[in-house]
Amino acid sequence: MEPRRTLYEGKAKIVYETDDPGLLIQHFKDSATAFDGQKQGIIANKGVYNCAISSVIFQLLEKIGIATHFVEQLSERDMLIKRLEIIPVEVIVRNIIAGSLSQRTGREEGEPLPFPILEHYLKSDPLGDPMINEWHIRAFGWASDEEMRFINETAFRINEILVPYFEERDVILADYKLEFGRHPEGVLLGDEISPDGCRLWDKATGEKLDKDRFRRDLGRLEESYEEVWRRVCQA
């Protein structure tokens, strides 16, 4: 399967059309951005690690009955995926207080939540992905009530799988982003699951192993992504 016309280029990925209208190629880049694009940089081999990590996790989820856009990994940076109509609602699953939740609530980062929390954000780079609620989603028609029930239930199912999965690899899954899209097969999980969109902390030391190292100028960027890759893909 060869890439054709560029369909979309984002901050971390390029999506290409193929000769099959139902399939796309998702190419993972090394570029990194933060704070709505105000901070930009390169993390060496990030695209290689994210493609491999996402491929493993998508296959894990498929095995337990969660439908995704993943078809196969074509190369170290390229993934063959099903073409989706992306639902413009990003879901953040939170297990531990971190990032904006700490800032908004005044709670200390690292405090475990009594149960997982779901938050919803409008997928819009120009608007900075603002936080929204079910009333906004319904009023503006971004997703139907039925779609959101499915998305929320699926997000909790994914969390029940990924929290112990990462814990077995001595990693704490603090929070992470999920995206979904419409497909003839139904609503499918899309995008990626990688250190770009997850907060991953070493279980023993609390060291951050994700894009927060880039956001906060903590150094050891490639080494942290490589460590997650090693624990997920080489275990």
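A compact table of results
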| item | result |
| --- | --- |
| Kirkwood hydrodynamic radius (C-alpha pairs) into Stokes-Einstein, the chain, 37 °C and 0.692 mPa s, D in µm²/s | 180 µm²/s |
| For segment 220-230, Karplus couplings with θ = phi - 60° (6.51, -1.76, 1.60), whole Hz, Gly/Pro x | 6, 5, 4, 4, 5, 4, 4, 5, 5, 4, 5 |
| Protection-proxy order for peptides 186-198, 145-157, 169-181, each taking the mean of Cβ atoms within 10 Å per residue, highest first | 186-198, 169-181, 145-157 |
| Segment 181-196 - phi-based ³J(HN,Hα) in whole Hz, Karplus 6.51/-1.76/1.60, Gly and Pro as x | x, 8, 8, x, 7, x, 7, 10, 6, x, 6, 8, 10, 7, x, 5 |
| Value of relative contact order over segment 123-235, rounded to a whole percent, pairs C-alpha under 8 Å and six or more apart | 15 percent |
| Area projected by the alpha carbon convex hull of segment 86-220, averaged over all directions, nm² | 9.2 nm² |
| Over 21 Å between alpha carbons, listed pairs 13/208; 46/208; 177/208; 13/211; 82/177 | 13/208 |
| Charged-residue dipole, Cβ positions (Lys, Arg, Asp, Glu), the chain about Cα centre, Debye nearest 20 | 320 debye |
| Amide H contacts of residue 32 (H built 1.01 Å from N, under 5 Å, at least 5 apart or other chain) | 41, 42, 43 |
| Where a label projected 7 Å from the Cα of residue 144 along Cα→Cβ would reach, residues of segment 70-91 with amide N under 17 Å | 85-89 |
| Percentage relative contact order, segment 14-87, counting C-alpha pairs under 8 Å, at least six apart | 31 percent |
| Semi-axis lengths (Å, descending) of the ellipsoid that matches the C-alpha gyration tensor of segment 28-82 | 25, 13, 9 |
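None of the figures in this text is laboratory data; all of them are computed from the coordinates on show. This one's a predicted model, so the numbers in the text were calculated from it and none came from an experiment. Virtual Cβ from ideal backbone geometry, glycine too; neighbours counted across all protein chains shown.
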